[in-house]
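Reading through the structure tokens given below for one structure.
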Amino acid sequence: MSNILLLYFALPIAIIILSIIFETLINCPIKIAGIVFSILLIFTFAVADETFLIFTILYTILAFIVAWITKQWTNNQNGCGCSNNIATISDISSCGCTNNTNNNSNSNNCGCRRRVF
């Protein structure tokens, strides 16, 4: 009975909390999912049996989804609503923030960052 509570309640809650914390530190959902997968894969073959491999895959997907949602939520907390990859001066001025430097700056006062890939 305790294994059922561990598999369906304790581990998912722990993975959700740790994914949120690690996403704020690392800022990459794929890395978070990779870390969770590698830790759970080691746990699967060291302590548990092969049936835990299904839970490992499900918990990895859960970690990725939670990290992605956290990333989207923290990116939208700046209040500007910059949804495109490159913030322009018109985006910055539309949210009531001023940019004290030229157009090629990587940051401004309202948190919209220019992202050039």
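Just wondering, is there one or more residues in the stretch 68-76 that are in contact with a helix residue (DSSP H, G or I) (Cβ under 7 Å, 6 or more places away or on another chain) and of a type in the set (Lys, Arg)?
Yes, the stretch 68-76 contains at least one residue that is in contact with a helix residue (DSSP H, G or I) (Cβ under 7 Å, 6 or more places away or on another chain) and of a type in the set (Lys, Arg).
Is it true that PHE9 is at pLDDT below 95, open to solvent by 80 Å² or more (accessible area, probe 1.4 Å), within 25 Å of the chain's Cα centre (by Cα) and of a type in the set (A, V, I, L, M, F, W, C)? Walk me through how you get there before you give the answer.
Details: at pLDDT below 95: yes; open to solvent by 80 Å² or more (accessible area, probe 1.4 Å): yes; within 25 Å of the chain's Cα centre (by Cα): yes; of a type in the set (A, V, I, L, M, F, W, C): yes.
In short, yes.
Conditions (1) within 9 Å of the chain's Cα centre (by Cα); (2) modelled with pLDDT of 95 or more; (3) open to solvent by 80 Å² or more (accessible area, probe 1.4 Å); (4) among the polar types (S, T, N, Q), marked per residue:
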{"site": "GLY34", "(1), (2), (3), (4)": "no, yes, no, no"}
{"site": "SER38", "(1), (2), (3), (4)": "no, yes, no, yes"}
{"site": "TYR59", "(1), (2), (3), (4)": "no, yes, no, no"}
{"site": "ASN78", "(1), (2), (3), (4)": "no, no, no, yes"}
{"site": "ASN84", "(1), (2), (3), (4)": "no, no, no, yes"}
{"site": "ALA87", "(1), (2), (3), (4)": "no, no, no, no"}
{"site": "ASP91", "(1), (2), (3), (4)": "no, no, no, no"}
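So which residues in the stretch 61-76 are open to solvent by less than 80 Å² (accessible area, probe 1.4 Å) and either of a type in the set (S, T, N, Q) or not in a helix (DSSP H, G or I) (or both)?
Those that are open to solvent by less than 80 Å² (accessible area, probe 1.4 Å) and either of a type in the set (S, T, N, Q) or not in a helix (DSSP H, G or I) (or both): THR70, GLN72, THR74, ASN75.
The values are calculated or read from the model by the stated rules, or taken from the named source; none is laboratory data. From a predicted model like this one, the values you see are computed outputs, not experimental measurements. Don't worry about glycine lacking a Cβ; one is built from the backbone with ideal geometry, like all the others, and counts go over all protein chains shown. These accessible areas exclude ligands, DNA and RNA; they are computed on the full protein's heavy atoms, side chains included. Shrake-Rupley method; radii C 1.70, N 1.55, O 1.52, S 1.80 Å.
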